[in-house]
1. Which of the aspartates and glutamates could a cross-linker span from residue 42 if the Cα-Cα distance has to be under 15 Å and same-chain partners fewer than 8 positions apart are dropped?
2. Of all accessible surface on region 170-292 at a 1.4 Å probe, what whole percent is carbon and sulfur?
3. Return a whole-number percent for the relative contact order of region 219-258, with Cα pairs under 8 Å and 6 or more residues apart as the contact set.
4. With angles folded into 0 to 90 degrees, how steeply does helix 457-480 sit against the dominant principal axis of the chain? Use alpha carbons for both and round to 10.
5. What number in nm² do you get for region 49-321 if you take the convex hull of its Cα atoms and divide its surface by four?
6. Round to the nearest 10 and give me the degree value, 0 to 90, for the angle of helix 15-60's Cα axis relative to the longest principal axis of the chain.
7. Can you work out D for the chain in µm² s⁻¹ from Stokes-Einstein, where Rh is the Kirkwood radius over C-alpha pairs, the temperature is 37 °C and the viscosity is 0.692 mPa s?
8. Taking Cα centroids, how far is region 303-374 from region 83-141 in Å?
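The values are calculated or read from the model by the stated rules, or taken from the named source; none is laboratory data. Worth saying up front: this structure is predicted, and the values here are computed from it rather than measured. For neighbour counting, all protein chains shown are included, and Cβ atoms are generated from backbone atoms with ideal geometry for every residue, glycine included. Areas reflect the complete protein model, heavy atoms only, side chains present, ligands, DNA and RNA absent. Shrake-Rupley method; radii C 1.70, N 1.55, O 1.52, S 1.80 Å.
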Amino acid sequence: MMEMIWEYTYMYFHPLILICCCSLIVYCYILIVCYRRRDALKIKIKTKQDQCRQSLEKFTKLPAPVNRVITRRSKKSEIIDLSLEKLLDKLKAGTYGAKDVLTEYLQKALEVNKEFKCVVEAIKEAEDLAMDCDKMRNSKEQHKRPLHGLPVSLKENYFLKDYDSTAGMSDYIGIPCKEDAVIVQVLKKQGAVPFVRTNIPQTMMTYECSNPIYGQTVNPHDGTKGPGGSSGGEACIIAAKGSLLGFGNDIGGSIRIPCHMCGVCGLKPTYGRLSAKGIFELMSGQTLINATTGPMARDVTSLVIAMEALLCDDMFVLDPTVPPIPFRMEIYEKTNELKIGYYIFDGYLKPVPACKRAVMDAKAILERQGHELVHFEVPDVKDIFTEIYLPIIFGDNAKTLWECLKNDNIDPTIWLAVRSWSLPKFVQWLMSWVVSYIYNDNIVGKGMRSTCKSKNVYDWWKLAERLQKYKKKFLSLWRSHKLDVLICPGFAFPAVPNGAVFNVLGGVTYTALYNLLDYPAGTVPITKVTREDEAGMKEYPTNTRYERFIKKYYSEDTVGLPVGVQCVGLPYQEELVLRVMKMLENENIHHHHD
Ligand SMILES: *[C@@H]1O[C@H](CO)[C@@H](O)[C@H](O)[C@H]1NC(C)=O
């Protein structure tokens, strides 16, 4: 008997069995914790989504405007169709009330949002702001407010008092901001009425406009394509006429890419020309290449009005790091002949025919206006991108990004990249060689290697030195041609099929160069993709994985997609950049009407 008991006991408590049992318990525990965390995450995201939906639903139930002029159907579209300049005139003259304009735009925004999913939530304080404007009607204060009654949309990462800025990451849900961004404060002081917040990609470090909280925004010209990003919600709502003026920010093309892809205008100023205080930036500790705030709108004049209104004493007081330079209208309005550089190919990915033609069209327009155009060989973009831009942007080996995302649902559009950051450096390094092979593009592998290498202060200084050297080289080349401005492709290709940005990420060199240099750059729509452009894709190379995807995506189903060009100036020459954008826009409008 005793023996039997002993045997059983031994069987049950055999060390191996013990270990197995313990492991099982630990495993179950981990599973339960994970499930609970996932449940908690699900609930957190769901609550946020409900809250946003309610904020929007509240406004769908708004009564129609009581103002007799606007209730008539014919007038209704008039408000939406008016240019920003004309609408401001009517608001200031009192033809329309701010409250009525707000109601029109809220309803239009909600209508386009149903189709394109560009709005994340409505700003409830807008109503009070609009009513304040109406109370001020014809008073002395009103005349001092250049944006009196103008509804304005804001990218989700602009801080708003009592609202979360999440950049699509659930870690940031439920952390309301304490104060409005400086730009928002100035906009309000100047009479504008921020009324909706717009969608972004998760982390904002890609140009696919999708995240697990607010979902995916699509392109208003073709719902199977994306709007670009990261200020994709802004470009989308402006192109769909749900807003007249919006604000985004740009560290690799986040204002210019969506403007190009949605067919609207946008300006990325020099860093510092507009305040960047109160903008949610994940990696704000990286200060060699800063994200820049800037306006986006249907036409260039709107950008000028916005810049002129923002560059005021209020901005210079609220953010004393902004140089107190008002908008220099005399530069914008000057009519002297300019020397303008242009290029089509930056040395990495060839632009598709439509993007090439856009630059050539722009060149022809400017030449017709009597300006001198010279070809500009843009130096070393390929190397600079992998050896300076990427190592700086991911200088912490994407640790900051990973810390924010590791407990989160990761959007499928960035899943692969994000997962690879969680791997040990050595594995990442090995992977970079595999990737080089798969992509048949040593740039991609080189980029990955440079971002998975640990950097110490010495390495960081070396990077900063190389950046300064490149800036110097670029400037002396610019000077040797005596350029006033430069025009170049808006991007390597038009709007990308939904969910496919990762396959063509390399296109970003066309815009990121001007973040690296910190030159002001604006995007203006020039043309649309034609059948001939598509047919021209036959000659597009297919050596690398990026090229093969570009060829696949742009050989069909792209006719009618908007295409823009970039206008670039020397630091603090925003007025000159806008002047050239205006020259292109003017001619282009006439050209199409003929
Ligand atoms: C980036 O921003 C920081 C903080 O405002 C500033 O100190 C730094 O000089 C900026 N870098 C560049 C290149 O402008």
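1. Residue 42 reaches 50, 171, 408, 411.
2. Within region 170-292, the accessible surface is 50 percent carbon and sulfur.
3. 43
4. Its long axis makes an angle of about 30 degrees.
5. 13.2
6. Between the helix axis and the principal axis of the chain, the angle is about 20 degrees.
7. Answer, rounded: 130 µm²/s.
8. Their Cα centres are 29 Å away from one another.
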